[in-house]
Amino acid sequence: MVLQWHGDRELDTADLLLSELHLGATYDAIVRGRLWRRMPFDVIAVPIAILAMTYALSFGGFPVLLTSLALYLGAWHRGRQNFGIARYYQARIGGPVSLWHRRLFTVAIYAPMIAGVLYFTGTSPFHEGEEYAGPTLDQGVLFVLGAVAATCVAIYLVFTLRHRQQVHPGERWLVMAQALSFGSAYVLGAWSVAFILVLVVHHEVQYLYFTYAMARRGDRQRRAPVVGELRLLASFALWPLLGLGSWALCQQFDSEWLPPFLVGGLLCHYWLDGRIWTSRARRTSAA
């Protein structure tokens, strides 16, 4: 509503700041858990390969492919974040109620994401001003997909409300947030910057909140409540601020080598975020 009434300048600036902060939060989780010791392939080798691939595509004359990768992996990354955090809440209450609960939950997460992405590719020829490759479906098909996604979410909500004592409310709220964020394409218009900002700002704030909560949960030192919280906040803020500072520094130089580095860093984040919150990574951190 604010975007439509006032414009997107302030929220666009917030997105730039929050995106760099939430990239830094990923590296804070890696450093805090010392994940490079037992996961060198995941946190060192693969990111180096991703950076090399990004430069190869950028200088090899495949900018459309690179933009397409950033678009689809970005959407998948946002959907998987909601899926992963909701699964975390599921585990806290004992897991899914039944096999039907597991299936309905999965469909309610992914159906809005698929419908939102296809609506975007079917109505917007550019992603952040750049061309990309994507399917273009008929408007009627797109609205059918939207209706199917809304129906899946509605069925999931009816099921979980009937079993409200066995379903964590955090899981239900995340499914609703996923549906509202991707479904905003149909309301705000996928061709407008408003749709992208609704998705990314929600995603970035959620990620910062979750990573700080996990850092707080893993802080085993006994301190005075206020002093301890301030110290933890200061230590947590280090890597996000370094990420923001490195981005600001890159903006001061006009070099053809910098844009691929920034895009590669984003793709590395997509990979790392899918690896460092798995049960294997958490066991590694505990060890």
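The values are calculated or read from the model by the stated rules, or taken from the named source; none is laboratory data. Note that the coordinates shown come from a computational prediction; the quantities given were computed from them, not determined experimentally. Virtual Cβ from ideal backbone geometry, glycine too; neighbours counted across all protein chains shown. Side chains are part of the model used for accessible areas, which takes the heavy atoms of the whole protein and leaves out ligands, DNA and RNA. Shrake-Rupley method; radii C 1.70, N 1.55, O 1.52, S 1.80 Å.
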* Only one of (1) open to solvent by less than 60 Å² (accessible area, probe 1.4 Å); (2) outside any loop (DSSP other than H, G, I, E, B); (3) farther than 30 Å from L65 by Cβ fails for A115. Which number is that? -> (3)
* Cβ-Cβ under 9 Å pairs, at least 6 apart or on other chains, segment 126-142 side free of Cβ contacts under 8 Å to residues at least 40 places away in the same chain, far side outside any helix (DSSP H, G or I) -> F126/Y132; F126/W191; T136/P125
* To do: Restricting attention to segment 245-281, report how many residues are under 22 Å from the mean Cα position of the chain (by Cα), over 30 Å from Y89 (Cα atoms) and of a type outside the set (G, A, S).
  => 6
* **Unique match (being open to solvent by less than 20 Å² (accessible area, probe 1.4 Å), touching an Asp or Glu at 6+ places or on another chain (Cβ under 9 Å) and assigned to a helix (DSSP H, G or I)) among L232, L267** => L232
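Matching residues to (1) touching an Asp or Glu at 6+ places or on another chain (Cβ under 9 Å); (2) open to solvent by less than 60 Å² (accessible area, probe 1.4 Å); (3) aliphatic (A, V, I, L, M):
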| residue | (1), (2), (3) |
| --- | --- |
| M39 | no, yes, yes |
| I48 | no, no, yes |
| L51 | no, yes, yes |
| F83 | no, yes, no |
| R87 | yes, no, no |
| P96 | no, yes, no |
* Asked: In the set V153, V167, V187, V158, which member is assigned to a helix (DSSP H, G or I), open to solvent by less than 70 Å² (accessible area, probe 1.4 Å) and on the phi < 0 side of the Ramachandran plot?
  -> V153
* To do: Please indicate, with yes or no, whether at least one residue in segment 24-36 is in contact with a Pro (Cβ under 9 Å, 6 or more places away or on another chain), buried (at least 17 other Cβ atoms within 10 Å of the Cβ), at pLDDT 95 or above and of a type in the set (F, W, Y).
  => no
* To do: Counting only residues that are polar (S, T, N, Q), touching a helix residue (DSSP H, G or I) at 6+ places or on another chain (Cβ under 7 Å) and farther than 30 Å from W257 by Cβ, give me the helices (runs of 4 or more DSSP H) lying completely in segment 7-99 with at least 2 of them.
  => 63-92
* Asked: Does I30 fit the bill of being without any contact (Cβ under 8 Å) to a residue 40 or more places away in the chain, within 19 Å of C268 (Cβ to Cβ) and of a type in the set (A, V, I, L, M)?
  -> no
